[in-house]
Structure formats: C-alpha cells, structure tokens
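Structure, as structure tokens:
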Amino acid sequence: MATTYIDSLLRFMDNSPCNFLAVETMKKMLLDNGFVEKKLSEKLSAQAGEKFFFTKNDSAIFAVTVGQKPIKETGFKIVAAHSDSPCFRIKPNAPIKCDGGIVKLNTEVYGGPILYTWFDRPLSIAGRVIIKGDDALHVVSRTIMIKRPLMQISHLAIHFNRAVNEGNPLSKQKDMLPIIAKVNSEFETGNMLINLVAQELGVVASDILDFDLLLYDTTPACTFGLNNEFISSGRLDDLSMAHAAITAICESTDEENTCIAAIFDNEETGSGTKQGAGSPVLANALQRMAESQGCNYDDYCVALQKTFMISADNAHAHHPNYNEKYDPTNHPTMGGGPCIKINANCKYMSDAHSAAIFKNLCDEAGSPCQYFINHSDVAGGSTLGNILTGQIDIEGVDVGNPLLAMHSVRETASVDDHINMIKVFKTFFS
C-alpha cells in the first residue's frame with residue numbers, strides 16, 4: 001500500500017502541471033471511486049450515504065461523503081488544501097520577436113517562486129482555454145497540457161557576469177522571459193501562441209476568446225536517495241497535501257459523519273478570489289447542505305461548533321546547510337512525520353486544544369508528529385486556516401509535511417511523511 005501511495009502521488013504530480021489540470025486529475029480520482037459531480041448552480045442536497053463533488057472556476061474542488069447521522073448532530077470533518085503553486089503566467093499578446101528571429105514570450109510571475117531555479121530547464125504550457133459557445137454568456141472551458149518541451153528561460157553566460165555566483169538580482173520582466181522559437185522574417189509571430197493552442201485542442205484559432213496559460217517544468221516527478229526515501233517534484237506545495245486529502249476521502253470509512261476534502265485555489269496570492277479560501281464558497285456550501293437536511297440557521301451554527309478542520313499546507317524541513325535559519329528546538333526533519341504549525345502572532349489557527357486533537361489523530365494512525373515554529377527573528381507566512389476561520393466559525397489546526405526548497409521549481413519531500421499524512425487523514429475520516 002505504501003508503494004502504491006507514492007506511485008499514485010508521482011502520477012498525480014505529472015498529470016497536474018497547474019491548478020486547472022490538478023482539479024481535472026482529482027475529478028478523475030473521485031469519479032473512479034464512486035463520487036458523482038454536482039453543480040453549484042443547482043440544488044445542493046446532502047442525503048445520507050451520498051458521495052459527490054463540485055468545482056469552482058475549474059480550479060477548486062470540494063469532495064463530500066455524507067454521513068448517516070444528521071449534520072446538525074455531527075457537524076463536519078474537513079481537510080483543506082490548495083491547488084495552486086508559484087509559477088509564470090503567460091500574458092496576452094505574448095510573443096515578442098527579437099534580433100535574429102528569436103521569439104520569446106511575455107510572462108508575469110504568479111506567487112513567490114525562487115526565480116533562478118527556473119533557468120535552463122525544459123518548460124511547456126498548461127492551463128485553461130476559453131472558446132466560443134452558443135452565445136456571449138455561455139462560453140466553453142477546455143484544459144490544455146502540452147507535454148513536449150517548448151521553451152526555456154536561459155541564463156546569461158558567466159563570461160558576461162563574473163559576479164553571478166556572488167548574488168544575482170533578477171528582473172522579472174527582463175531576465176525571466178522564455179525563448180520559444182526562431183522564425184524567419186516572413187513569419188507572423190503575433191498569432192503564434194494562439195495557433196499552437198488551437199492546433200493542440202483541434203479548434204479554430206478564431207474561436208479562442210481567452211486563456212489562463214502557465215509555464216511548467218516538464219521533468220517528471222521521481223523519488224531519490226540511497227533507499228528512495230525522498231520525493232522530487234514541482235508543486236509539492238501544496239499538491240502533495242491535495243493528493244493526500246483526496247486519497248483519504250476516497251478511502252473514507254466514516255459512515256456516520258459528513259466528511260469534506262476542500263481544495264481551494266489562489267492561496268499563493270492571498271486567497272482573495274471567488275475560488276479562494278477568502279471567499280464564501282465553502283461556507284455557503286456547508287449551509288446549503290445543512291439546510292437540505294432541514295436545519296434552520298441556529299441548527300447550522302450549532303453544527304459548526306461540532307466541526308473540526310485540518311488545514312494542510314506544507315511546512316519547512318530543517319535544511320542541514322542552514323541551521324541558523326531555524327528555531328533551535330522546533331525544526332522538523334524529513335521523515336519525522338507531519339508538522340503542527342504554531343505561531344504566537346496567530347498566523348496559524350493552531351492552538352493547544354486543536355494541536356492536541358491532531359496529535360491524538362497521529363497517535364491513532366501510528367504516525368510520528370512534529371512541530372514547526374519559525375525562528376523568532378524570521379517572519380513567517382500565513383495559510384488557509386486563519387482565512388477560513390474568518391469566514392466560518394469553526395475550530396481547526398494548521399499542519400503540513402516538511403519540505404526542502406519550498407517554492408523552487410522542484411521541491412523535496414519525504415516518502416514516509418506523505419504516507420503518514422494519508423494515514424492521519426484516513427484516521428480523521430474514519
């Protein structure tokens with residue numbers, strides 16, 4: 001089973017080069033395990049024994065197993081994660097013809113990537129394309145993933161910048177634009193990208209109205225280490241937690257409680273979108289499901305007091321080359337188990353009560369457990385937990401597996417940690 005989980009993760013990562021493809025991959029996992037799709041634009045009922053999911057903006061997905069006991073008696077069990085990762089987004093009118101017929105693409109940075117890790121790698125395109133539909137208000141959304149390497153962001157040779165290894169400030173507009181083609185003077189570069197996308201999708205170029213296209217590294221995910229104990233892949237933050245959550249709800253054995261795996265989008269840019277954790281999308285869905293079982297608003301508020309959420313966004317593993325960057329007594333190690341994330345200034349929603357609940361889940365699952373706390377001189381970031389508790393009156397804990405090189409084009413995780421987190425989520429959903 002352990003090997004199966006890791007093989008599944010590696011396939012998942014390779015099939016999920018961006019948020020839209022990740023949601024498409026998760027939809028397939030859910031459909032293969034007996035879930036049915038519902039639409040937010042239709043009645044959202046929650047009948048005992050149902051297994052269903054719904055999506056928002058093609059980039060967030062919410063999977064639900066409805067318990068036999070009424071929601072007003074049990075509340076909800078929720079695991080939250082996110083589908084997006086730092087990367088580069090292709091701008092409109094992207095092709096730029098340069099000297100010698102070289103064509104580069106105009107891009108902008110999404111989130112906070114480690115920029116120099118993107119240099120000199122085989123890159124390609126994935127995302128969503130919007131095509132004409134029956135009328136102006138009803139357009140068609142198609143996902144696209146071009147698997148062959150298409151472009152590269154090339155470094156300036158060291159001969160032109162002898163100080164490159166002593167620190168190299170980068171311009172996102174100048175230094176980070178990828179090379180995609182060499183064309184002759186007769187070639188029309190303006191429609192190059194649209195024509196490529198149209199050919200890939202088998203549609204007429206003039207039918208393409210707009211797109212959300214992102215760059216991704218085509219190098220496959222893999223394990224490495226003397227005993228294959230590590231995982232190397234792009235987007236482990238936070239698709240590894242999304243994979244663990246969806247895997248766990250697909251294997252849920254809880255027949256009494258209503259369980260939810262909630263995978264939001266746009267965490268890397270603050271969650272302030274209609275598909276982000278800062279939106280009312282989950283709160284509205286919870287209330288609609290409760291009301292479908294006859295709950296009034298007071299019953300719903302009572303149900304929220306019985307609800308517990310695990311917000312799963314990865315933590316920072318101790319890097320052996322940079323001991324001074326970490327808290328002296330609370331720096332999680334690779335393979336040491338899932339981390340409870342704590343912050344005195346409430347950047348995380350964890351407190352002693354919710355942390356104790358998660359520790360109990362780890363004990364029941366047979367998993368080790370660690371704490372992640374920032375070095376007091378290093379400012380930390382926030383994540384889904386506090387944003388969601390600003391929308392919904394529930395208790396929860398922020399957790400994650402320890403990663404090295406978070407926000408690099410390729411991050412590193414532990415095989416054992418991923419297996420253990422799935423075990424903990426399954427215990428929660430049992």
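The values are calculated or read from the model by the stated rules, or taken from the named source; none is laboratory data. Since the model is a prediction, treat every value here as computed from it, not as a measurement. Here Cβ is always computed from backbone atoms with ideal geometry, including for glycine, and neighbour counts include all displayed protein chains. Remember, those area values only see protein heavy atoms, side chains included, never the ligands or the DNA or RNA. Shrake-Rupley method; radii C 1.70, N 1.55, O 1.52, S 1.80 Å.
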Does segment 377-392 contain at least one residue that is touching a His at 6+ places or on another chain (Cβ under 9 Å), buried (at least 21 other Cβ atoms within 10 Å of the Cβ) and assigned to a loop (DSSP other than H, G, I, E, B)?
-> yes
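Are any residues in segment 268-280 open to solvent by less than 60 Å² (accessible area, probe 1.4 Å) and without any contact (Cβ under 8 Å) to a residue 60 or more places away in the chain, and if so, which ones?
Let us first name the residues in segment 268-280 that are open to solvent by less than 60 Å² (accessible area, probe 1.4 Å), namely 268, 270-271, 273, 275-279.
The answer is Gly270, and nothing else.
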Find all pairs meeting these conditions: Cβ atoms under 6 angstrom apart; at least six residues apart or on different chains; first residue within segment 325-354 and open to solvent by 20 Å² or more (accessible area, probe 1.4 Å); second residue outside any strand (DSSP E or B) and hydrophobic (A, V, I, L, M, F, W, C).
-> Asp327/Ile373; Asn330/Ile373; Met334/Ala317; Ile342/Ile373
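Considering only residues of segment 302-318 that are open to solvent by less than 50 Å² (accessible area, probe 1.4 Å) and assigned to a loop (DSSP other than H, G, I, E, B), which is farthest from Ser41 (Cα to Cα)? So that I can check it myself, show each step before the final result.
Initial filter on segment 302-318 (open to solvent by less than 50 Å² (accessible area, probe 1.4 Å)): 303-304, 307-315, 317-318.
Retained after the next criterion (residues that are assigned to a loop (DSSP other than H, G, I, E, B)): 307, 313-314, 317-318.
Numbers: Thr307: 25, Asp313: 29, Asn314: 32, Ala317: 42, His318: 45 Å.
Top of the filtered list is His318.
Being open to solvent by less than 10 Å² (accessible area, probe 1.4 Å) and not in a strand (DSSP E or B) is the filter; apply it to segment 22-53 and report the residue that is farthest from Val415 (Cα to Cα). Outline the logic, then answer.
Residues of segment 22-53 open to solvent by less than 10 Å² (accessible area, probe 1.4 Å): 22-23, 26, 30, 35, 44, 46, 52-53.
If we keep only those that are not in a strand (DSSP E or B) too, we end up with 22-23, 26, 30, 35, 44, 46.
On the way: Ala22: 20, Val23: 23, Met26: 20, Leu30: 23, Phe35: 28, Leu44: 37, Ala46: 36 Å.
Going through the qualifying residues, I end up with Leu44.
When you scan segment 216-237, how many residues do you find that are part of a strand (DSSP E or B) and crowded, with 23+ Cβ neighbours inside 10 Å? Walk me through it before giving the result.
Pass one, segment 216-237, residues part of a strand (DSSP E or B): 216-217, 222-224, 230-233.
Pick out the ones that are also crowded, with 23+ Cβ neighbours inside 10 Å and you get 216, 231, 233.
Number satisfying all stated conditions: 3.
Just for segment 393-430: of the residues that are of a type in the set (Asp, Glu) and open to solvent by 10 Å² or more (accessible area, probe 1.4 Å), which one is farthest from the chain's Cα centre (by Cα)? Please lay out each step first, then the result.
We begin by selecting, within segment 393-430, every residue of a type in the set (Asp, Glu); these are 393, 395, 398, 411, 416-417.
Keeping just the survivors that are open to solvent by 10 Å² or more (accessible area, probe 1.4 Å) gives 393, 395, 416.
Details: Asp393: 24, Glu395: 22, Asp416: 20 Å.
The extreme case among them is Asp393.
For every residue, the table says whether it meets (1) on the phi < 0 side of the Ramachandran plot; (2) aromatic (Phe, Trp, Tyr).
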position: Phe88; (1), (2): yes, yes
position: Pro92; (1), (2): yes, no
position: Lys97; (1), (2): yes, no
position: Leu115; (1), (2): yes, no
position: Gly127; (1), (2): no, no
position: Arg148; (1), (2): yes, no
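What about Lys56, is it open to solvent by 50 Å² or more (accessible area, probe 1.4 Å), touching a residue at least 40 places away in the same chain (Cβ under 8 Å), under 19 Å from Glu267 (Cβ atoms) and not small (Gly, Ala, Ser)?
Numbers: open to solvent by 50 Å² or more (accessible area, probe 1.4 Å): yes; touching a residue at least 40 places away in the same chain (Cβ under 8 Å): yes; under 19 Å from Glu267 (Cβ atoms): yes; not small (Gly, Ala, Ser): yes.
Spelling it out, Lys56 is indeed open to solvent by 50 Å² or more (accessible area, probe 1.4 Å), touching a residue at least 40 places away in the same chain (Cβ under 8 Å), under 19 Å from Glu267 (Cβ atoms) and not small (Gly, Ala, Ser).
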Counting only residues in segment 72-94 that are touching a Cys at 6+ places or on another chain (Cβ under 9 Å) and in a strand (DSSP E or B), the one farthest from Val397 (Cα to Cα) is identified as Cys87
Check Ile130 against each of (1) touching a Lys or Arg at 6+ places or on another chain (Cβ under 9 Å); (2) among the aliphatic types (A, V, I, L, M); (3) open to solvent by less than 30 Å² (accessible area, probe 1.4 Å); (4) not in a loop (DSSP other than H, G, I, E, B) and name the one condition it does not meet.
-> (3)
In segment 281-301, what residues are in a loop (DSSP other than H, G, I, E, B) and open to solvent by 70 Å² or more (accessible area, probe 1.4 Å)?
-> Asn296
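Being part of a helix (DSSP H, G or I) and touching a Lys or Arg at 6+ places or on another chain (Cβ under 9 Å) is the filter here, so list the residues in segment 96-127 that pass it. Spell out the reasoning first.
Applying the first criterion (part of a helix (DSSP H, G or I)) to segment 96-127 yields 99-101, 115-118.
Across segment 96-127, the qualifying residues are Gly100, Gly101, Leu115, Thr117.
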Consider only pairs whose beta carbons are under 7 Å apart and that are at least six residues apart or on different chains; among these, list those whose first residue lies in segment 359-378 and is touching a residue at least 12 places away in the same chain (Cβ under 8 Å) and on the phi < 0 side of the Ramachandran plot and whose second residue is open to solvent by less than 90 Å² (accessible area, probe 1.4 Å) and acidic (Asp, Glu).
-> Ile373/Asp327; Asn374/Asp327; His375/Asp327
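State which residue is nearest to Phe62 (Cα to Cα) when the search covers only segment 238-267 and only residues that are among the acidic types (Asp, Glu) and open to solvent by less than 30 Å² (accessible area, probe 1.4 Å). Steps first, please.
Keep residues of segment 238-267 that are among the acidic types (Asp, Glu), which gives 238, 251, 254-256, 265, 267.
Next, from what is left, pick out any that are open to solvent by less than 30 Å² (accessible area, probe 1.4 Å): 238, 254, 265, 267.
Details: Asp238: 15, Asp254: 17, Asp265: 11, Glu267: 15 Å.
Here the residue is Asp265.
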List every residue pair whose Cβ atoms lie under 6 Å apart, where the two residues are 6 or more positions apart in sequence or sit on different chains, the first residue falls within segment 21-32 and is more than 25 Å from Leu215 (Cβ to Cβ), and the second residue, located anywhere, is open to solvent by less than 30 Å² (accessible area, probe 1.4 Å) and small (Gly, Ala, Ser).
-> Leu30/Ala63
Count - residues of segment 250-272 that are over 20 Å from the mean Cα position of the chain (by Cα) and part of a loop (DSSP other than H, G, I, E, B) = 7
Residue hits (segment 234-249; over 13 Å from the mean Cα position of the chain (by Cα) and polar (S, T, N, Q)) are Thr247
When only residues in segment 158-192 that are part of a strand (DSSP E or B) and of a type in the set (Val, Ile, Thr) count, which is surrounded by the fewest Cβ atoms within 10 Å (Cβ to Cβ)?
-> Ile179
Only residues that are surrounded by 14 or more Cβ atoms within 10 Å (Cβ to Cβ) and in a strand (DSSP E or B): list them for segment 140-157, please.
-> Arg142, Thr143, Ile144, Met145, Met151, Gln152, Ile153
The lone exception for His407 - which of (1) farther than 30 Å from Ala283 by Cα; (2) assigned to a loop (DSSP other than H, G, I, E, B) it fails | (1)
